[in-house]
Amino acid sequence: MARTIILVAGLGLALGACAAPTGTAIINVPPKRPSAELVAKATADAAAQVKRCYRAPRVFGEGRRITTKLAVNYAPDGNVVGVPTVLSQSGVTPDNRMFADEMAAAAIESVVRCSPLHLPAELYAFGWSSFELTFSPALRG
């Protein structure tokens, strides 16, 4: 979202400028791109927040190899917008297919449970309202 600066007639004179503007102008200034450090920290913070809320279902063996990728949309206040969508699942085999829906539901529930997500508000202007999140109980340990 762009910041808006409003220039009001007479302001230049009050600030000691040579000539006062004769009207009012609105200038949209694009927000400053966040630093790489802020992006890295926010990414780690988002992952940690959602990871704390993830409760893997009680599946064993091959069921723990299922990885679920979700598309999640967030409002600027950090609340989930709509229902997260399953983009894909990998590691599904004939032996563990029975657990795929359960793994997807656990991933979706963790995102909803962790709402609102706490991120710096200035990141939303740069596409941080949409995330792809990957859930893998095998990586969690």
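The values are calculated or read from the model by the stated rules, or taken from the named source; none is laboratory data. If you're wondering where the values come from, they're calculated on a predicted model, not measured in any experiment. Every residue, glycine among them, receives a Cβ derived from its backbone with ideal geometry; neighbour counts consider all protein chains shown.
Among the residues in segment 94-108, are any part of a loop (DSSP other than H, G, I, E, B) and of a type outside the set (D, E, K, R)? Looking for residues that are part of a loop (DSSP other than H, G, I, E, B) and of a type outside the set (D, E, K, R), one finds at least one in segment 94-108, hence yes.
Which count do you get for residues in segment 55-79 that are more than 15 Å from Leu119 (Cβ to Cβ) and modelled with pLDDT under 90? Summing the residues that are more than 15 Å from Leu119 (Cβ to Cβ) and modelled with pLDDT under 90 in segment 55-79 gives 10.
All of Ala100, Ala107 fail the test of being more than 24 Å from the chain's Cα centre (by Cα), among the small types (Gly, Ala, Ser) and under 17 Å from Thr134 (Cβ atoms), apart from Ala100. Within segment 50-93, the set of residues being within 11 Å of the chain's Cα centre (by Cα) and either over 26 Å from Phe126 (Cβ atoms) or part of a helix (DSSP H, G or I) (or both) comprises Val50 only. Please determine whether any residue of segment 93-107 is without any contact (Cβ under 8 Å) to a residue 60 or more places away in the chain and of a type in the set (S, T, N, Q). Checked against the condition, which is being without any contact (Cβ under 8 Å) to a residue 60 or more places away in the chain and of a type in the set (S, T, N, Q), segment 93-107 yields at least one hit. The residues of segment 109-137 that are part of a helix (DSSP H, G or I) and within 11 Å of Val72 (Cα to Cα), listed by number, are Val111, Val112.
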